[in-house]
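The values are calculated or read from the model by the stated rules, or taken from the named source; none is laboratory data. Computed from a prediction, not measured in an experiment: that's the story for all the values here. Neighbour counts are summed over all protein chains in view; Cβ atoms, including those assigned to glycine, are modelled from backbone coordinates with ideal geometry. For accessibility, only protein heavy atoms count, side chains too; no ligands or nucleic acids. Shrake-Rupley method; radii C 1.70, N 1.55, O 1.52, S 1.80 Å.
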Amino acid sequence: MERIASVEQLRLKFPGKDTLLFKDLSVSFYKGEKVLLLGPSGCGKSTLLQVLSGLIPHSVDIPMKAKHVQVPDNWGYVFQDPDSQFCMPFVDEEIAFALENIGVPREQMKGRIEELLKEVGLHLTPHTDIQTLSGGMKQRLALASVLALQPDVLFLDEPTAMIDDEGTESIWKTVKQIAHNKTVIIVEHKIEQVLDFVDRIILFNDHGEIIADGEAATVFHDYKDVIADQGIWYPGIWDEYVKQRKRRQPAVREDEVIRLERFQGYRNREVKIRVDQAIVQSGEWIAITGKNGAGKSTLLHALMKLIPTDGVYELFGKQSEQFKTLARLIAFVFQNPEFQFVTNSVWEEMAYSLRLEKRSKTEIAETVESLLQMFHLKEQQDQHPYQLSMGQKRRLSVAASIVSGQQIFLLDEPTFGQDAKNTFALLELLESYREQGATILMITHDENIVTHFATRRWVIEDGQLVSDEQLVTDHTKGALLSV
Amino acid sequence: MRWDICYRETWLHRTNPSLKLLVMLVLFIGVLFVHNPNILMNFSIALILLFIIYTGYPMKYLLLLFLPFLLIFISTASSMMLFGQGKTTWFQWGLVHITKESFLRGMHLGFRALTFALLGLLFSLTTRPVYLFYSLMQQLKLKPKYAYSFLAGVRLIPIMLEEFQTVQNALKVRGVTANSGIFEKIKRYAIPLLSQSIRRAQRIAVAMEAKRFSSGAARTFYYEIGFSKYDFVFLLLISVMAAVAYYVGISFPYIPVEDVR
C-alpha cells in the first residue's frame, strides 16, 4: 500500500510545559485507510493531526523536531468548534473562499458550490446567513468547504464534540457518503457512530505513547477496559453503567416547590414560552426535551427571570415577585461554563456567592473546603478557572452555582461535550442532591439520561409545554428507578 | 441578538464601493474648507434627501439612526452658540453670552457635524462589508491578507453580541448586583469576552490557512466588482449637488454672511 502521511521520531513540547507531549513518536498512514485516534483528552491526538497536516509548525508555532514528516499533497481539515472555522458571513461566500484560494475560475464557482452543498446534504439556498444554521449544519458546511479543495486526505478533529445527537448522526452519515475513496484520519470521543466506518484504531495513553495500533474490531475488543477508563463514549456504555449502578432511593420529602399557571416568558415583547399549568415537587428530576429552537432554554431563562414573564409563578408557596433575587433559591448552570466565572481562582469562584451573602469568614472557608473535596478540585484551588480542563470547568461551574444551598437546579445541557467519565460523575452528583430533596430541571438531548435519571419528562414544542409525563409513579417499585 | 433590517436595494448599493469610499473621503475633507454657512446648509439638505430617498431603508429605521446624529448637531451647535466669542451681543445672562457671530459659527459647526454624519451613514447603509473588501482588493489592490482578516473580524461581532448577553445573564444568576463600580463592571465583561475572542480569532486564522489561504498564491474572486452606469450617475449626482449647493448659496443666501471665521 502507498504511504500517504507519516512522522518519524516526532518530539514536541508545548511552551511552558515541563514534559514532552510526544517523545520519539513514529506512525504511518496509508492510502484509503480510515483511521481513528483514541486516547484521553490532552494526550496530543489533535496536535498529531496538526503535525500530519503541516499546520504545525507552518500555521501554529510550536517547537517540534522530527526525523521525517510526510505531509499529504492535498488535505482538508475539519475543526471542533463550528463557530470559529468560518471567515465569511454567508454559506456560498464561505465555500467560495476555499475555491478562490485554489484559483478556481469565477464562472465555475456557482456550479461547484451547488454541487458541494448537495454532496454534504445541505439543501438550502447558497446565499444563506451562516449564523442561522444549526451546529450540525455548520459542521457539514465546514466539510463542504474542505471538499472544495479536492483533498485526498481528510483530517477530522472531533467534528461532533460541540454538536447534539441529531447533528452528530447527520455529520457521520455525510462523512461516510463522501469519503469512500479518501484517506480519513479521525480524532473523536463519541465513537458509537464511527466504529463501523473505521478499519484501524490507534490507541494512545496519557503520555502520548501508542499502546495499540491495529484492526479496529480487534483493538476495540482487546482494549475495552482502557477505552472505558479514558472516558470515551462507546456503544453499550450505558448498559454497562446501569448494570453496576446501585438502586436509586426516592427523595426524602415531597413538598410543592414550583407552581406555574398561565406562565409566559417574553422576548422582544413576544410570547416565546407558555406553560398552562404545572406543579413541581421536591425530589423530582425533570428532563426538558424538544427540538432545537423549540424554547427549552427560554423556559429556563423565564424561570430564572432573565426575561420578562407574567402569569402565576410561585416558589415554595410564595409569589416569585416577593423574592428580591432568585439567585439564592435557584442555581442556574449554563451550557458554556466559562461565561459563568467571575473571579480569578477556583477557591474565590466558590466563595463568591457566599461573600455576597456576607457569611462569616470561617463559614465560607469551611463550605469551600468541603465543596473542593466533593468536586475533586482541591489540587486546582489556586488556578484560574480558564486554565482548567473542560470537565473541571463544568464541575466548578456547578459547584459555584449551588454553593448557597439552593434547592432548585436549572441546568442547560450540562453534560454537553463532556466525556463519559465526567458525565456519569456529574449525573451521580446531581442524583445525590435529588435524593436529599433538591429539584432538578434539566435540558437534555440524551435519551439515556431521560430513561435512567429523570423522574418526569417535559416536552417543549413551538414555545409551549405540550407533554408532561411521569416516568416513575411509585418510587419503591418503579422499574425505572430501581435499576 | 441580531440585526435583521429589511431594506430595498437601490442604485446606491450597486455603485462601486471603492469609488464610493474615495468620493466620501474627498467630500469629508472638502467640507472642512467650506466656510459659507449657506453653501453648507444647501449641501446638508441635499444629503438628507439622498439619505431618505435612496438608502432603501424604511423611514422608521432612518429616523432612529438619524436621532443620535441630530443630538450631535444640537450639542455642537448650542455649545458654540452659548459660549462663543463675538462682537454683536444678542443676549447675555451669566456665563451665557450669545452673539451674532457665535450664533452663526455654532450653526455652521452643527451643519458640518451633520454633513459628516450623513456621509458616514450614506456610505455604511449602502455598502456590504464583503463587497467593500472585494472591491478594495480588486480596484485598490489591497492585500487579501488584510481584507479577509477584516471580514473574519466582522463575522465575530454578532457572535460577541450574543456572548455579551450570556455574560450578562451569568452575572445575574450568580447574584451579582447592579450597583458595583464601573471598573469592576468593565472587568467582568471584558475578560471573558476578550479571552473568548482571542481564542476564536486564533482558531479562525488556523482554519483559514487550513483552507490553503496564503498571501503568495494568485487567487480568483467570487464577486467580480467593477464599474457600471450607476457609478457615473453617482459621480454626476454628487457633482451636481455640490455645484447647486454652491451656486444657490452664493446667489440666494439665507443669511447675509459669507465667511463665519
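Restricting to the stretch B:105-121, and then to whatever is in contact (Cβ under 8 Å) with a residue 40 or more places away in the chain and open to solvent by less than 20 Å² (accessible area, probe 1.4 Å), can you tell me which residue is farthest from B:LEU63 (Cα to Cα)?
Among them, the one singled out is B:HIS108.
Taking the condition open to solvent by 80 Å² or more (accessible area, probe 1.4 Å), more than 30 Å from B:LEU50 (Cα to Cα) and either among the hydroxyl-bearing types (Ser, Thr, Tyr) or touching a helix residue (DSSP H, G or I) at 6+ places or on another chain (Cβ under 9 Å) (or both), does B:LYS143 pass?
Details: open to solvent by 80 Å² or more (accessible area, probe 1.4 Å): yes; more than 30 Å from B:LEU50 (Cα to Cα): yes; either among the hydroxyl-bearing types (Ser, Thr, Tyr) or touching a helix residue (DSSP H, G or I) at 6+ places or on another chain (Cβ under 9 Å) (or both): yes.
Here the answer is yes, as B:LYS143 does meet what is asked.
Somewhere in the stretch A:284-305, is a residue away from chain B (no Cβ under 14 Å), touching a strand residue (DSSP E or B) at 6+ places or on another chain (Cβ under 6 Å) and more than 19 Å from A:GLU461 (Cα to Cα)?
Among the residues of the stretch A:284-305, at least one is away from chain B (no Cβ under 14 Å), touching a strand residue (DSSP E or B) at 6+ places or on another chain (Cβ under 6 Å) and more than 19 Å from A:GLU461 (Cα to Cα), which makes the answer yes.
Looking at the stretch A:233-254 only, could you name the residues that are surrounded by fewer than 13 Cβ atoms within 10 Å (Cβ to Cβ) and acidic (Asp, Glu)? Give the steps one after another, and end with the answer.
Here is the first cut: in the stretch A:233-254, the residues surrounded by fewer than 13 Cβ atoms within 10 Å (Cβ to Cβ) are A:235-236, A:239-240, A:242-244, A:246-247, A:252-253.
Residues satisfying the conditions are A:ASP239, A:GLU240.
Looking at B:ILE186, B:ILE198, can you tell me which residue is under 23 Å from A:CYS87 (Cα atoms) and open to solvent by 80 Å² or more (accessible area, probe 1.4 Å)? So that I can check it myself, show each step before the final result.
On the way: B:ILE186 fails: under 23 Å from A:CYS87 (Cα atoms).
After applying the criteria, what remains is B:ILE198.
Checking A:MET88 against (1) more than 7 Å from chain B (Cβ to nearest Cβ); (2) under 17 Å from B:ALA152 (Cα atoms), which test does it fail?
Status for A:MET88: all satisfied but (1).
Across the stretch A:70-85, what is the total count of residues that are more than 9 Å from every other protein chain (Cβ to nearest Cβ), open to solvent by 40 Å² or more (accessible area, probe 1.4 Å) and more than 17 Å from A:GLU2 (Cβ to Cβ)?
0
Checking B:LEU65 against (1) touching a Leu at 6+ places or on another chain (Cβ under 9 Å); (2) within 25 Å of B:VAL260 (Cβ to Cβ); (3) surrounded by 15 or more Cβ atoms within 10 Å (Cβ to Cβ); (4) at pLDDT 85 or above, which test does it fail?
All conditions pass for B:LEU65, except number (2).
Going by what's in this entry, would B:GLY84 be described as touching a Lys or Arg at 6+ places or on another chain (Cβ under 9 Å) and buried (at least 17 other Cβ atoms within 10 Å of the Cβ)?
yes
Can you go through A:GLY405, A:GLY417 and tell me which one is within 14 Å of chain B (Cβ to nearest Cβ) and at positive phi?
On the way: A:GLY417 fails: within 14 Å of chain B (Cβ to nearest Cβ).
Among A:GLY405, A:GLY417, only A:GLY405 is within 14 Å of chain B (Cβ to nearest Cβ) and at positive phi.
Name the residue that is farthest from B:LEU193 (Cα to Cα), counting only residues in the stretch B:135-154 that are touching a residue at least 12 places away in the same chain (Cβ under 8 Å) and either part of a loop (DSSP other than H, G, I, E, B) or touching a Pro at 6+ places or on another chain (Cβ under 8 Å) (or both).
B:LEU140
Can you tell me which condition B:ILE191 does not meet? The list is (1) more than 25 Å from the chain's Cα centre (by Cα); (2) open to solvent by 40 Å² or more (accessible area, probe 1.4 Å); (3) at pLDDT 85 or above, and all the others hold.
(3)
With the requirement that a residue be of a type in the set (Phe, Trp, Tyr) and either open to solvent by less than 10 Å² (accessible area, probe 1.4 Å) or within 30 Å of A:ILE307 (Cβ to Cβ) (or both), what does the stretch B:1-50 give you?
The initial filter retains those residues of the stretch B:1-50 that are of a type in the set (Phe, Trp, Tyr), namely B:3, B:7, B:11, B:28, B:33, B:43.
The answer is B:TRP3, B:TYR7.
Just checking, does the stretch A:105-120 include any residue being touching a Lys or Arg at 6+ places or on another chain (Cβ under 6 Å) and over 19 Å from B:SER214 (Cα atoms)?
Yes, some residue in the stretch A:105-120 is touching a Lys or Arg at 6+ places or on another chain (Cβ under 6 Å) and over 19 Å from B:SER214 (Cα atoms).
Which of the residues belonging to the stretch B:122-136 are within 14 Å of chain A (Cβ to nearest Cβ) and open to solvent by less than 10 Å² (accessible area, probe 1.4 Å)?
Hits for the stretch B:122-136 are B:VAL130, B:TYR134.
I'd like to know if the stretch A:105-128 contains one or more residues that are more than 8 Å from chain B (Cβ to nearest Cβ), closer than 27 Å to B:ALA201 by Cα and open to solvent by 40 Å² or more (accessible area, probe 1.4 Å). Lay out the reasoning, then the answer.
Residues of the stretch A:105-128 more than 8 Å from chain B (Cβ to nearest Cβ): A:107-108, A:110-128.
Next cut, closer than 27 Å to B:ALA201 by Cα only: A:113, A:116-117, A:120, A:122, A:126-128.
Filter again for open to solvent by 40 Å² or more (accessible area, probe 1.4 Å), leaving A:127.
Among the residues of the stretch A:105-128, at least one is more than 8 Å from chain B (Cβ to nearest Cβ), closer than 27 Å to B:ALA201 by Cα and open to solvent by 40 Å² or more (accessible area, probe 1.4 Å), which makes the answer yes.
Out of A:SER401, A:SER467, A:SER432, A:SER389, which single residue is among the polar types (S, T, N, Q) and within 26 Å of A:PRO40 (Cα to Cα)? It would help to see each step written out before you state the result.
Working: A:SER401 fails: within 26 Å of A:PRO40 (Cα to Cα); A:SER467 fails: within 26 Å of A:PRO40 (Cα to Cα); A:SER432 fails: within 26 Å of A:PRO40 (Cα to Cα).
Step by step, each of A:SER401, A:SER467, A:SER432, A:SER389 is checked, and only A:SER389 is among the polar types (S, T, N, Q) and within 26 Å of A:PRO40 (Cα to Cα).
Could we say that B:LYS211 is within 28 Å of A:LEU154 (Cα to Cα) and at the interface with another protein chain (Cβ under 10 Å from one of its Cβ atoms) here? Quick ask: steps written out before the conclusion?
Values: within 28 Å of A:LEU154 (Cα to Cα): yes; at the interface with another protein chain (Cβ under 10 Å from one of its Cβ atoms): yes.
In short, yes.
Please state which one of A:GLN392, A:GLN373 is of a type outside the set (A, V, I, L, M), in a helix (DSSP H, G or I), at pLDDT below 90 and within 25 Å of B:LYS172 (Cβ to Cβ).
Working: A:GLN373 fails: within 25 Å of B:LYS172 (Cβ to Cβ).
Every option except A:GLN392 fails the conditions.
Residues checked against (1) under 17 Å from A:PHE409 (Cα atoms); (2) acidic (Asp, Glu); (3) assigned by the TED database to the domain that holds A:GLY136; (4) in contact (Cβ under 8 Å) with a residue 24 or more places away in the chain:
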residue: A:GLY290; (1), (2), (3), (4): no, no, no, yes
residue: A:LEU303; (1), (2), (3), (4): yes, no, no, yes
residue: A:ILE330; (1), (2), (3), (4): yes, no, no, yes
residue: A:GLU363; (1), (2), (3), (4): no, yes, no, no
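If you go through the stretch B:212-229 one residue at a time, do you hit one that is farther than 15 Å from A:MET88 by Cβ, of a type in the set (Phe, Trp, Tyr) and either assigned to a loop (DSSP other than H, G, I, E, B) or within 29 Å of the chain's Cα centre (by Cα) (or both)?
yes
Have a look at A:LYS65, A:LYS17, A:LYS13 and point out the one that is over 20 Å from A:ILE186 (Cα atoms), away from chain B (no Cβ under 13 Å), without any contact (Cβ under 8 Å) to a residue 12 or more places away in the chain and of a type in the set (Lys, Arg). Can you show your working first?
Values: A:LYS65 fails: without any contact (Cβ under 8 Å) to a residue 12 or more places away in the chain; A:LYS13 fails: without any contact (Cβ under 8 Å) to a residue 12 or more places away in the chain.
Of A:LYS65, A:LYS17, A:LYS13, the one residue that is over 20 Å from A:ILE186 (Cα atoms), away from chain B (no Cβ under 13 Å), without any contact (Cβ under 8 Å) to a residue 12 or more places away in the chain and of a type in the set (Lys, Arg) is A:LYS17.
Would you say A:GLU348 is open to solvent by 60 Å² or more (accessible area, probe 1.4 Å), among the acidic types (Asp, Glu), out of contact with any Asp or Glu (no Cβ under 9 Å at 6 or more places or on another chain) and away from chain B (no Cβ under 14 Å)?
Values: open to solvent by 60 Å² or more (accessible area, probe 1.4 Å): yes; among the acidic types (Asp, Glu): yes; out of contact with any Asp or Glu (no Cβ under 9 Å at 6 or more places or on another chain): yes; away from chain B (no Cβ under 14 Å): no.
No: the conditions fail for A:GLU348.
Considering each residue of the stretch A:173-198, count those that are touching a residue at least 40 places away in the same chain (Cβ under 8 Å), exposed (fewer than 15 other Cβ atoms within 10 Å of the Cβ) and in a loop (DSSP other than H, G, I, E, B), and give that number.
Counting residues in the stretch A:173-198 that are touching a residue at least 40 places away in the same chain (Cβ under 8 Å), exposed (fewer than 15 other Cβ atoms within 10 Å of the Cβ) and in a loop (DSSP other than H, G, I, E, B) gives 1.
Mind listing whichever residues of the stretch A:227-254 are small (Gly, Ala, Ser) and either in the same structural domain as A:ILE286 (by the TED database) or over 25 Å from the mean Cα position of the chain (by Cα) (or both)?
The first filter runs over the stretch A:227-254 and keeps only residues small (Gly, Ala, Ser), leaving A:228, A:231, A:236, A:251.
The one that is small (Gly, Ala, Ser) and either in the same structural domain as A:ILE286 (by the TED database) or over 25 Å from the mean Cα position of the chain (by Cα) (or both): A:ALA251.
List the number of the failed condition for A:ASN205; all other conditions in (1) closer than 27 Å to A:GLY54 by Cβ; (2) open to solvent by 50 Å² or more (accessible area, probe 1.4 Å) hold.
(2) is the only condition that A:ASN205 fails.
Based on what the data block shows, is A:SER134 within 11 Å of chain B (Cβ to nearest Cβ), farther than 21 Å from A:LEU48 by Cα and either within 18 Å of the chain's Cα centre (by Cα) or open to solvent by less than 10 Å² (accessible area, probe 1.4 Å) (or both)? Reasoning before the result, please.
Details: within 11 Å of chain B (Cβ to nearest Cβ): no; farther than 21 Å from A:LEU48 by Cα: yes; either within 18 Å of the chain's Cα centre (by Cα) or open to solvent by less than 10 Å² (accessible area, probe 1.4 Å) (or both): yes.
No; evaluated as a whole, the condition is false for this residue.
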